[in-house]
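Some notes on the structure that comes next.
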Amino acid sequence: MIRNLAQGQRSFTSNTFLVAGADVMSDGADPEATPLDPDEGRTVVVDTGNEFDIVPVIERYVEDIDAVVLTHTHPDHVGNTAEVVDAFDVDVWGFDPDHSLVDHRIADGDTVELGAHQYDAIHTPGHKEDHLCFHAPDAGVLFAGDLVFAGGSFGRTDLPEGNREVLIDSIDRVLEAVGPDLREMHTGHGPSVTDSPYEDIDLSARAARTM
């Protein structure tokens, strides 16, 4: 189960994803009111978003979480982190352990458990130096952060630590890792892609080279 907790929010926030082992609600349940009972794996929040009260949104679906995992540390992706840590007493995992919010390092090539699947961490700088993408080969799922978006757009490179050539290299790495059989791509902003997401990443690679 992957759910975007920031859906419908009008604050300056990234998407924030609750990833749990359970894939479905109880039969006949109200999906906006019934907590999930994850039956396996680790219940994780990928990016905490910013400027909205995320804790009750998490509690709408699960009683507890096991960890917070960050794609990168731009404020719109991490602004709610302290509140999540306080509410659930969890550690935060990310690329840069020197960042004040990050308790544990995820290095390039590490494997992390999100929900019921194992994800490979891919260091993908260019938008920000500490940027990570997470790919589950067996499930065909990618968390792309702000590297690429639906429709062939890509992350900004005009912010500190941004670099267009490095971003292009990162997109190429992800393309090679995921392959055409990718089924789902969940991005830091905008809609997730469940229809041929590999094609969107390929379009992003081309656009980043020409724009």
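The values are calculated or read from the model by the stated rules, or taken from the named source; none is laboratory data. Note that this is a predicted model, so its numbers are computed, not measured. With ideal geometry, Cβ positions are generated from the backbone for all residues, glycine too; neighbour counts draw on all protein chains shown.
Do we find a residue being part of a strand (DSSP E or B), out of contact with any Pro (no Cβ under 8 Å at 6 or more places or on another chain) and surrounded by fewer than 19 Cβ atoms within 10 Å (Cβ to Cβ) anywhere in the stretch 75-95? Checked against the condition, which is being part of a strand (DSSP E or B), out of contact with any Pro (no Cβ under 8 Å at 6 or more places or on another chain) and surrounded by fewer than 19 Cβ atoms within 10 Å (Cβ to Cβ), the stretch 75-95 yields no hits at all. Taking the numbered list (1) over 25 Å from GLN7 (Cβ atoms); (2) assigned to a strand (DSSP E or B) in turn, VAL112 passes all entries but (1). If you scan the stretch 44-65, which residues turn out to be buried (at least 18 other Cβ atoms within 10 Å of the Cβ) and touching a helix residue (DSSP H, G or I) at 6+ places or on another chain (Cβ under 9 Å)? VAL45, ASP47, THR48, GLY49, ASN50, ILE54, ILE58, ILE65 - these are the residues of the stretch 44-65 that are buried (at least 18 other Cβ atoms within 10 Å of the Cβ) and touching a helix residue (DSSP H, G or I) at 6+ places or on another chain (Cβ under 9 Å). Looking across THR71, THR48, one residue alone is among the β-branched types (Val, Ile, Thr), within 16 Å of the chain's Cα centre (by Cα), closer than 17 Å to GLN118 by Cα and outside any strand (DSSP E or B). It is THR71.
In this structure, does THR34 turn out to be assigned to a loop (DSSP other than H, G, I, E, B) and either modelled with pLDDT of 90 or more or crowded, with 18+ Cβ neighbours inside 10 Å (or both)?
Working: assigned to a loop (DSSP other than H, G, I, E, B): yes; either modelled with pLDDT of 90 or more or crowded, with 18+ Cβ neighbours inside 10 Å (or both): no.
No: the conditions fail for THR34.
Of all the numbered requirements in (1) surrounded by fewer than 17 Cβ atoms within 10 Å (Cβ to Cβ); (2) free of Cβ contacts under 8 Å to residues at least 24 places away in the same chain; (3) over 24 Å from ALA6 (Cβ atoms), TYR198 misses one, and that requirement is (1).
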